[in-house]
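Written below as structure tokens is the structure these notes are about.
The values are calculated or read from the model by the stated rules, or taken from the named source; none is laboratory data. This one's a predicted model, so the numbers in the text were calculated from it and none came from an experiment. Cβ placement follows ideal geometry from the backbone for every residue including glycine, while neighbour counts extend to all protein chains displayed.
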Amino acid sequence: MFLLYTYRKNLDKHMSPLSSRSVIDAYARRFQQLKAELAQIEYFSKGTLLTRMVKCGKPQCACRTKPSKRHGPYHEWTYKLQGKTVNVRLSPEAAPIYQAAAQQYRKLKSILNRLEKLSRQALDKLTKDATKRNRK
């Protein structure tokens, strides 16, 4: 924010009306909106929730030949840790909690990507405007 404040303070002295100032102000407003969205993020975790129906090891069990007779559902949380895949069996009560955490993680990544893109755009605009001012 200090960078934008300093830029705006100097902008009034050197820039034409509407052009750069309105663009930078729009970037700043959108940045604040995204930060507010970021503040709404709840507990999150990287990974995937899998629900499986499995075959048992008994040779005479119906699950071997009929998919509708398989055992389950069993819930597993799968994630990577130091390059290795980790699977954790979850209770039926824990599954929706981890599903919500995975959704929050995806939302967090989306917001951070949008913040980064917006920051690059704003920095690019600030840099171009500063270069133009210095050439005058």
Legend entry - segment 92-136: number of residues that are farther than 30 Å from PRO73 by Cα, at pLDDT 90 or above and among the small types (Gly, Ala, Ser): 3
Inset, instruction - Out of the residues in segment 39-58 that are of a type in the set (Gly, Ala, Ser) and assigned to a loop (DSSP other than H, G, I, E, B), state the one that is surrounded by the most Cβ atoms within 10 Å (Cβ to Cβ). - result: GLY47
Legend entry - Those residues of segment 99-131 which are among the charged types (D, E, K, R) and in contact with a Leu (Cβ under 8 Å, 6 or more places away or on another chain), in sequence order: ARG114, ASP129
Inset, instruction - May I ask you to list pairs of residues, at least six apart or on different chains, whose Cβ atoms are under 7 Å apart, with the first in segment 80-106 being small (Gly, Ala, Ser) and the second being part of a loop (DSSP other than H, G, I, E, B) and surrounded by 12 or more Cβ atoms within 10 Å (Cβ to Cβ)? - result: ALA101/PHE44; ALA101/SER45; ALA102/SER45; ALA102/GLY47
Legend entry - Residue check, SER20 at pLDDT 95 or above, surrounded by 13 or more Cβ atoms within 10 Å (Cβ to Cβ) and polar (S, T, N, Q): no
